[in-house]
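Presented below is the structure to which this report refers.
The values are calculated or read from the model by the stated rules, or taken from the named source; none is laboratory data. Small disclaimer: the values here were computed from a predicted structure and weren't measured. Positions of Cβ are generated from backbone atoms using ideal geometry, with glycine treated the same way; all protein chains shown enter the neighbour counts. The protein model used for the area step is the full one, side chains on, heavy atoms only, and it has no ligands, DNA or RNA in it. Shrake-Rupley method; radii C 1.70, N 1.55, O 1.52, S 1.80 Å.
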Amino acid sequence: MSQLISIIIPVYNSQKTIIKSLESITNQLGSYNFEIIIINDGSTDASEDLINNFISENESLLIKYYYKKNGGVSSSRNIGLKNAQGEFIAFL
């Protein structure tokens with residue numbers, strides 16, 4: 001099996017772009033072994049609902065979702081790194 005790629009996505013009020021971003025990842029990496037790690041940094045818009053819908057519609061994908069109190073992109077990336085299983089890391 002190919003090596004796992006972890007894609008870490010910090011999210012804050014990203015309802016306008018998050019689904020396009022997730023679709024872009026899955027379209028580009030369709031044949032690769034990857035996980036998507038989404039860290040919601042306390043969004044107050046519809047980001048969480050959109051992400052949860054995407055996850056439920058794409059159950060075959062390895063997606064980890066975390067929600068945390070707003071603390072900035074660096075703390076979100078650190079949570080992503082802590083939970084990443086991949087040998088390669090990509091930040092979006």
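So, Ser2, is that one open to solvent by less than 80 Å² (accessible area, probe 1.4 Å), without any contact (Cβ under 8 Å) to a residue 60 or more places away in the chain and hydroxyl-bearing (Ser, Thr, Tyr) or not? When the stated conditions are applied, Ser2 passes them. In the range 62-72, the residue that is most open to solvent (accessible area, probe 1.4 Å) out of those that are out of contact with any Leu (no Cβ under 9 Å at 6 or more places or on another chain) and either among the aromatic types (Phe, Trp, Tyr) or under 20 Å from Gln28 (Cβ atoms) (or both) is Tyr67. Taking the listed residues Lys16, Lys69, Lys20, Lys64, the one that is basic (Lys, Arg) and closer than 16 Å to Gly86 by Cβ is Lys64, with no other qualifying. Considering only residues that are farther than 17 Å from Ile18 by Cβ and free of Cβ contacts under 8 Å to residues at least 12 places away in the same chain, look in the range 30-50 and name the one that is surrounded by the fewest Cβ atoms within 10 Å (Cβ to Cβ). The residue in question is Ser31.
The single residue among Asn58, Asn27, Asn78, Asn53 that is open to solvent by 20 Å² or more (accessible area, probe 1.4 Å), free of Cβ contacts under 8 Å to residues at least 40 places away in the same chain and within 13 Å of Ile7 (Cα to Cα) turns out to be Asn78. So, Ile63, is that one touching a helix residue (DSSP H, G or I) at 6+ places or on another chain (Cβ under 8 Å), in a strand (DSSP E or B) and not charged (D, E, K, R) or not? It is true that Ile63 is touching a helix residue (DSSP H, G or I) at 6+ places or on another chain (Cβ under 8 Å), in a strand (DSSP E or B) and not charged (D, E, K, R).
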